[in-house]
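Comments concern the structure below.
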Amino acid sequence: MINKVVENAGAAVRDIKDYSTLMLGGFGLCGIPENCITALLSTGVKNLTCISNNAGVDDFGIGLLLKTRQVVKMISSYVGENREFERQLLSGELQVELLPQGTLAERIRAGGAGIPAFFTPAGVGTEVGNGKEVRTIDGKEYLLESWLKADFSLIKAWKGDTAGNLIFKGTARNFNPMMATAGKVTIAEVEELVPSGTLDPNHIHTPGIYVQRIFQGTNYEKRIEQYTTR
Amino acid sequence: MALDKIGIAKRIAQEIQTGWYINLGIGIPTLVANYLPQNIEVVLQSENGLLGIGPFPLEKEVDPDLINAGKQTITMLQGSSLFDSAESFGMIRGGHVDLTILGAMEVSETGDIANWKIPGKMVKGMGGAMDLVASADNIIVAMQHVSRSGNSKLLKQCSLPITGLNCVKKIITDLAVLEIASEGGFRLLERAPGISVEEIEQATSGKLIIANDIPEMII
């Protein structure tokens with residue numbers, strides 16, 4: 001059986017070089033690759049393009065990489081939780097491409113599924129449509145959007161096995177499964193790593209074919225942005 | 001008197017029919033879930049990958065892996081399902097969600113909506129709003145009739161960057177219930193209790209269509 005296990009986050013991200021394009025899973029701080037982000041702080045790799053729905057908060061998630069100025073460009077749909085991000089954006093230090101969330105998800109899915117472009121209604125008549133082909137299909141206008149791919153995808157799952165099969169939990173799934181398919185090298189960090197053959201094949205969300213490296217993460221903080229109780 | 005946020009949420013709740021799948025935006029729309037009539041059963045969709053949003057958790061139930069689109073901790077109701085973001089927006093764009101309720105900074109008399117950006121001031125991003133408004137057949141906007149600085153939010157044309165064109169069906173504000181007329185214009189359907197037609201006219205910058213008799217909302 002193929003064994004994709006690497007020792008830890010440091011080993012997993014060792015060959016991520018300056019100017020790489022990364023995809024990072026997560027919605028807000030839910031389901032983000034905490035260990036890989038910490039490891040990137042250590043390697044100090046710079047001029048990264050990061051594709052991620054959000055940009056973390058000032059002192060957690062991708063926000064940490066923004067603070068150290070390791071990110072040169074973000075491709076995201078919503079960045080409202082991060083003041084340092086807003087500052088860098090308004091001052092022009094950071095390039096930002098904002099996309100409708102469904103368009104972002106589908107562009108990533110398309111990148112992993114060999115679909116170079118597709119038409120979507122989201123963004124027609126808005127500045128998102130600037131410079132993009134508009135086509136009328138069955139009487140309604142659609143924008144042509146192209147696929148997104150990454151040099152490395154950094155994924156967080158709940159359980160995984162040594163062959164790279166992954167299971168997610170709750171709403172921590174979000175962008176992780178499609179990002180796993182769109183990375184040249186996909187690195188999965190999991191809370192529990194088990195031997196191949198242990199997980200029920202009926203319950204696998206992401207098949208191991210998409211995952212090149214896997215490790216069991218440590219010290220998950222799982223910070224909550226809006227702690228709300230009744 | 002003008003409605004408060006809870007009053008707006010209660011009035012919107014009356015629009016909802018049993019069996020519907022509904023996406024609630026952040027802010028007032030989220031409150032609507034608290035005021036659904038007892039006999040109404042709906043399924044709430046969360047764009048980050050859940051059908052079947054339940055109430056906020058008790059302290060001992062809080063799970064960081066279970067949040068809504070506003071990043072608040074939530075619970076799941078019995079019969080819930082979980083899925084990824086591509087699937088979530090597939091069901092949104094595919095027209096499977098019966099009703100979308102969202103907030104707005106501006107709405108035009110032709111049903112355009114602006115709610116994602118104030119140039120030079122606020123750059124938060126559109127999140128899922130553009131996908132939702134581009135696809136949903138039934139969109140209700142929940143908002144204040146007039147901005148904090150005193151300007152009408154119901155305009156002939158939106159002045160802020162657009163989120164979507166010709167998409168809003170109904171608007172429920174602190175002053176009124178209005179629908180977008182097919183020929184353009186805000187058709188006044190109901191007044192908030194104690195609010196006069198003249199007050200609504202003053203607060204509306206776009207074309208207001210007024211029939212003879214405008215009833216008061218029943219909250």
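Here are some notes:
- Cα centroid separation, the range B:110-126 to the range B:21-53 (Å): 23 Å
- With a 1.4 Å probe rolled over the protein heavy atoms of all chains, the accessible area of A:222, A:149 falls in the order A:149, A:222, largest first.
- Comparing Cα centroids, the range B:132-193 and the range B:59-82 end up 31 angstrom apart.
- For the range B:5-209, the mean projected area of the C-alpha convex hull, equal to one quarter of the hull surface, is 12.2 nm².
- Residue order for A:158, B:116, B:20 - accessible surface, 1.4 angstrom probe, largest first: A:158, B:20, B:116
- Point-to-point label distance, residue B:169-residue B:157, nm (Cα→Cβ direction, 7 Å offset): 2.8 nm
- Qualifying aspartates and glutamates (Cα of each under 14 Å from Cα of residue A:169; at least 8 residues distant if same chain): A:189, A:191, A:192, B:63, B:65, B:84
- Site pair residue A:136 and residue B:138 shows an inter-label distance of 2.9 nm when each label is modelled 7 Å from Cα along Cα→Cβ.
- In this structure, the pairs whose alpha-carbon distance is over 20 Å, taken from A:46/B:117; A:159/B:71; B:121/B:170; A:132/B:170; A:17/A:73, are A:46/B:117; A:159/B:71; B:121/B:170; A:132/B:170.
- Nearest-20 debye value, the protein assembly as shown charge dipole, Cβ charges on Lys, Arg, Asp, Glu: 900 debye
- Here, the protein assembly as shown yields an orientationally averaged convex hull projection of 22.1 nm² when only Cα atoms define the hull.
- Proximal aspartates and glutamates relative to residue A:67, as straight alpha-carbon distance under 13 Å, when same-chain residues fewer than 8 apart are discounted: A:58, A:59, A:84, A:86, A:93
- Rh (Kirkwood; distinct C-alpha pairs) - the range A:159-230, Å: 13.1 Å
- Judged by the mean number of other Cβ atoms found within 10 Å, the most tightly packed of the peptides A:25-34, A:138-147 leads the ranking A:25-34, A:138-147.
- Amide H contacts under 5 Å for residue A:228: B:73, restricted to partners 5 or more places along the chain or on a different chain, H placed in the peptide plane at 1.01 Å from N.
- Local net charge near residue B:90, Cβ-Cβ under 11 Å (Lys/Arg +1, Asp/Glu -1): -2
- Within the range A:216-230, backbone nitrogen closer than 20 Å to the virtual label 7 Å beyond the Cα of residue B:4 toward Cβ: A:229-230
- If you take the Cα centroid of the range A:125-203 and the Cα centroid of the range A:25-65, the two points sit 16 Å apart.
- Volume per residue of the C-alpha convex hull in the range B:119-219, rounded to whole Å³: 121 Å³
- Of all DSSP beta bridges confined to chain B, the antiparallel ones make up roughly 55%.
- By average C-beta atoms within 10 angstrom, highest first, the peptides B:38-50, A:73-85: A:73-85, B:38-50
- D (Stokes-Einstein, µm²/s), Kirkwood Cα radius, the range B:21-60, 1.002 mPa s at 20 °C: 192 µm²/s
- Computed accessible area, residue B:12, all protein chains, 1.4 angstrom probe, square angstrom: 0 Å²
- Tilt relative to chain A, helix A:34-43 - C-alpha long axis, 0 to 90 degrees, to 10: 90 degrees
- Take every DSSP beta bridge whose two residues both sit in the protein assembly as shown; close to 40 percent of them are antiparallel.
- DSSP beta bridges in chain A [antiparallel fraction, %, rounded to 5]: 30 percent
- Applied to the range A:213-228, the Karplus parametrisation 6.51 cos²θ - 1.76 cosθ + 1.60 on θ = phi - 60° returns per-residue 3J(HN,Hα) values of 9, 9, 8, 8, x, 10, 6, 5, 8, 6, 5, 9, 6, 10, 5, 10 Hz, with x for Gly and Pro.
- Spin-label pair residue A:83/residue A:221, simplified geometry with 7 Å Cα→Cβ offset, distance in nm: 1.7 nm
- Cβ-Cβ FRET estimate between residue A:198 and residue B:219, R0 fixed at 56 Å, reported to 0.05: 0.50
The values are calculated or read from the model by the stated rules, or taken from the named source; none is laboratory data. Only a predicted model underlies this, so the values are computations on that prediction, with no experimental measurement involved. Note: ideal-geometry Cβ built from the backbone for every residue, glycine included; neighbour counts use all protein chains shown. All accessible areas refer to the heavy atoms of the entire protein, side chains included, with ligands and DNA or RNA removed. Shrake-Rupley method; radii C 1.70, N 1.55, O 1.52, S 1.80 Å.
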